[in-house]
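What follows is one structure encoded as C-alpha cells, with my remarks underneath.
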Amino acid sequence: MPRVKRGTGSKKRRNRIFEAAKGYYGSRHRLLKTAREHGISYSRLIHGLEVAGVEVDRKILAELAVKDPKAFGDLAALAKSQAA
C-alpha cells in the first residue's frame, strides 16, 4: 500500500500564510521607488535623516511614503539638504 503523507493540508496551510504575507515584504521596495521620485537615493535619504537628527524607523518611513506622500516629500527634502 502507498504511504499517505498528508500533504494537502500542509500545502493549504502554507499557501494561506503566503497569501497573508503578500503585501508585507513590498513596503521597502515602495520606499525605494518613492525616494527616487524625490531625487534622492535610499542610502542618502537614511543618511540625511540621521544627520538632521530625525529618528524615524524604516517601517514608519515606508508607511509615510504610501499613505502620506506630502509628509514624506518634506522629509526627503530635509534629508536632501542635509546630505549634500
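The values are calculated or read from the model by the stated rules, or taken from the named source; none is laboratory data. Bear in mind the structure is a predicted one, so any value in this text is a computation, not a measurement. Note that we place each Cβ from the backbone using ideal geometry, even for glycine, and neighbour counts take in every protein chain shown.
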Residue count, the stretch 24-45 (criterion: of a type outside the set (Phe, Trp, Tyr), at pLDDT 85 or above, over 9 Å from residue 76 (Cα atoms) and part of a helix (DSSP H, G or I))
4
I'd like the full set of residues that are among the aliphatic types (A, V, I, L, M), part of a helix (DSSP H, G or I) and either at pLDDT below 90 or closer than 15 Å to residue 34 by Cβ (or both), limited to the stretch 49-77.
49, 60, 61, 62, 64, 65, 66, 71, 75, 76, 77
